[in-house]
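See below for the structure under consideration.
The values are calculated or read from the model by the stated rules, or taken from the named source; none is laboratory data. These figures come from a predicted structure and were not determined experimentally. Neighbour counts are summed over all protein chains in view; Cβ atoms, including those assigned to glycine, are modelled from backbone coordinates with ideal geometry. Areas reflect the complete protein model, heavy atoms only, side chains present, ligands, DNA and RNA absent. Shrake-Rupley method; radii C 1.70, N 1.55, O 1.52, S 1.80 Å.
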Amino acid sequence: IAGVYEIGGQLGIEAENLTSFSRSMIDIANSTNLTEEAASVGFARLANITKTAQTEFSNLGSSVVSLGNNLATSESEILDITQNIALAGTNAGISAPQLLGWGGAMKSLGLEAASAGTAFSRFTNDVVRNVANGGGELEVLAKTAGMTAADFKKSFETDASGAIQTFLAGLGKMGSAEQLAVFDALDIA
């Protein structure tokens, strides 16, 4: 317990939140394949990146446990990939629980944390830029998602994760040639 308190303090957990943080990390370690140290470091860093309130560690822990129980991946793998996508996702307006969901989905598909994190981050950063700048790329994103450019922009600004999911669903309905055309138009190798 003292070790978890120490790690929390070193990683910026405020004194008034150290007890609930430590309890959550010990509970996570007891119910997942994460050690107390890995959980403490991983969740503290994720909260710092995503600017998640320090009172939400129990909820984040519950999210990762639920994902680990219901997806073909482990909690440590989910947390690992989520840390790789956290900065770009946060910049796009995607919340920590949503990022855990994305991380779980990517690991369930067997994607490696580093390469999936790079691809997700690049794509998300490109979408943020395209939404801000408008133009042809925004039109391609919107058309693929089955929306107008204005609707896609509004959707992305209010629910970035949902807008990306809608885009991917639209992409999934296309044939290979159409998908390649979208990738070319968005300059995705």
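Going by what's in this entry, would Gly117 be described as at pLDDT below 95 and either open to solvent by less than 50 Å² (accessible area, probe 1.4 Å) or in contact with a strand residue (DSSP E or B) (Cβ under 9 Å, 6 or more places away or on another chain) (or both)? So Gly117 passes the test. Looking at Leu11, Leu71, Leu60, can you tell me which residue is open to solvent by less than 80 Å² (accessible area, probe 1.4 Å) and at pLDDT below 95? Sole residue among the options that is open to solvent by less than 80 Å² (accessible area, probe 1.4 Å) and at pLDDT below 95: Leu11. Restricted to the stretch 59-81, and to residues there that are among the polar types (S, T, N, Q) and either touching an Asp or Glu at 6+ places or on another chain (Cβ under 8 Å) or in contact (Cβ under 8 Å) with a residue 40 or more places away in the chain (or both), the residue that is nearest to Ser24 (Cα to Cα) is Ser76.
Taking every residue in the stretch 130-147 that is on the phi > 0 side of the Ramachandran plot and pairing it with any residue that is in a helix (DSSP H, G or I), at least 6 positions away or on another chain, the pairs with Cβ-Cβ distances below 6 Å are Gly146/Gly170.
Of the residues Ile7, Ile49, the single one that is assigned to a helix (DSSP H, G or I), over 24 Å from Gly93 (Cα atoms) and aliphatic (A, V, I, L, M) is Ile7. Within the stretch 94-105, the set of residues being over 18 Å from Val127 (Cα atoms) and either without any contact (Cβ under 8 Å) to a residue 40 or more places away in the chain or of a type in the set (Gly, Ala, Ser) (or both) comprises Ala96, Pro97, Gly101, Gly103, Gly104, Ala105.
Okay, residues lined up against (1) touching a residue at least 60 places away in the same chain (Cβ under 8 Å); (2) closer than 26 Å to Ala86 by Cβ; (3) in a loop (DSSP other than H, G, I, E, B); (4) not small (Gly, Ala, Ser):
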site: Lys107; (1), (2), (3), (4): no, yes, no, yes
site: Gly117; (1), (2), (3), (4): no, yes, no, no
site: Ser121; (1), (2), (3), (4): no, yes, no, no
site: Asp126; (1), (2), (3), (4): yes, yes, no, yes
site: Ser155; (1), (2), (3), (4): no, yes, no, no
site: Ser161; (1), (2), (3), (4): yes, yes, no, no
site: Leu168; (1), (2), (3), (4): no, yes, no, yes
site: Glu178; (1), (2), (3), (4): no, no, no, yes
site: Ala181; (1), (2), (3), (4): no, no, no, no
